[in-house]
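The values are calculated or read from the model by the stated rules, or taken from the named source; none is laboratory data. Note that the coordinates shown come from a computational prediction; the quantities given were computed from them, not determined experimentally. Here the Cβ is made from the backbone with ideal geometry for all residues, glycine too, and neighbour counts use every protein chain on show.
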Amino acid sequence: MEKRPCNSPGLRYINLSFGRTGFFLILLPILSATLSKGFAQQNVQFSHLTNLNGLSQSTVQVMLKDRYGFMWFGTQDGLNRYDGYKFKIYRHVYNDRKSLRRNNILSLIEDKGGNIWVGTENGGLSLYDRDHDCFINYIEDPNNPKKISQKTITTVYEDKQSNFWVGTYWNLNLLDRKTGQVTRFISDEKNSESLTSNGITAFFEDSRNNLWIGTQNGLNLMNRKTKKFRRFFYNDKDPNTISGNKIRNITEDGSGNLWIGTEGSGLNLFDYRSGVFKRFQQNASNPDAISNNTITAVADAGT
């Protein structure tokens, strides 16, 4: 297979159809970092890639650039590989076990070995086979604790120890890529050291080697030795708790500060020493406050 990298000379940015909010949350940190390094006088040019250019569908939900320079875009109707000139589209093909099982792409990563992993809605987890230009599908089985627990893959993450985490709408899965078997982690209301929720939404490993897991109902910090979890919940009587329980994303800035974005409850800064959260929320009377309490993406713009 030809491994031709994307053609991207100079300051050339691709404008995809994310919708206004998602687009600017992703793009502005890139522009800020670039302009702050002395390029303010350059003209920034935008290229537009839409379904008129061959993109399978206009709602791009996830994207990555792989080690060969290809850009991959996951949409609500297919996975797209872009070489800088044209798109190749991957969709489910009836009766083809080597195609994607579904077309709504929710998660997309490249692991340390250069393998592309694709998570879909109701289609499970798929591994892209570069040599044969097809997919190896991991079939879920809720009744088999050694199989992936559910067929909607919300997020996939490889940590620094090469552990491979698969989040679904129902349970957290640790996948052994050699055997194809998983270890499941399940929320238990009677166990305060279990996950806060079975609906997994985000993973992040910080510079302290802590593994954070966001869910539909709370934030979790995993103890790697005991495999137990420290829970963080919103408490309306305690302003030092996290601002909301629906976690959208987790990231760390260049100074080692941990940021947590929520759905409908704003942005949070976690203080490691005190264990408390500082909240950043929409405030109509404050023009300097964040503009919306649903945080779709967080990135460090640099200085």
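Below is a table of values for the structure above.
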{"read-out": "Extreme residue, nearest to Thr59 (Cα to Cα), among residues of the stretch 101-153 that are charged (D, E, K, R) and part of a strand (DSSP E or B)", "value": "Glu110"}
{"read-out": "From the options Asn191, Asn104, Asn122, residue that is of a type in the set (S, T, N, Q) and more than 25 Å from Phe204 (Cβ to Cβ)", "value": "Asn122"}
{"read-out": "Among the candidates Asn137, Asn173, Asn103, Asn144, residue that is under 23 Å from Gly199 (Cβ atoms) and surrounded by fewer than 17 Cβ atoms within 10 Å (Cβ to Cβ)", "value": "Asn144"}
{"read-out": "Among the candidates Lys88, Lys98, residue that is assigned to a loop (DSSP other than H, G, I, E, B) and not hydroxyl-bearing (Ser, Thr, Tyr)", "value": "Lys98"}
{"read-out": "Asp111 being out of contact with any strand residue (DSSP E or B) (no Cβ under 6 Å at 6 or more places or on another chain), charged (D, E, K, R) and at pLDDT 95 or above", "value": "no"}
{"read-out": "Selection count, the stretch 261-279, where residues are at pLDDT below 95 and in a strand (DSSP E or B)", "value": "0"}
{"read-out": "Close pairs (9 angstrom Cβ cut-off, 6 or more residues apart or separate chains): under 19 Å from Glu121 (Cα atoms) in the stretch 55-71, charged (D, E, K, R) and modelled with pLDDT of 95 or more anywhere", "value": "Ser56/Asp77; Ser56/Arg91; Gln57/Asp77; Thr59/Asp77; Leu64/Glu110"}
{"read-out": "Pick from the stretch 206-254, criterion part of a loop (DSSP other than H, G, I, E, B) and β-branched (Val, Ile, Thr), ranking: farthest from Thr183 (Cα to Cα)", "value": "Thr241"}
{"read-out": "Test set (1) modelled with pLDDT under 95; (2) over 20 Å from Leu211 (Cα atoms) - Asn240 fails condition number", "value": "(1)"}
{"read-out": "Scope the stretch 161-198; condition farther than 15 Å from Phe229 by Cα and part of a loop (DSSP other than H, G, I, E, B); matching residues", "value": "Gln161, Ser162, Asn163, Tyr169, Trp170, Asp176, Arg177, Lys178, Thr179, Gly180, Gln181"}
{"read-out": "Pair list, Cβ under 6 Å, 6 or more apart: the stretch 162-190 residue more than 20 Å from Asn115 (Cβ to Cβ), other residue at pLDDT below 95", "value": "none"}
{"read-out": "Which numbered condition Asp111 misses (of (1) over 14 Å from Thr168 (Cβ atoms); (2) surrounded by 20 or more Cβ atoms within 10 Å (Cβ to Cβ))", "value": "(2)"}
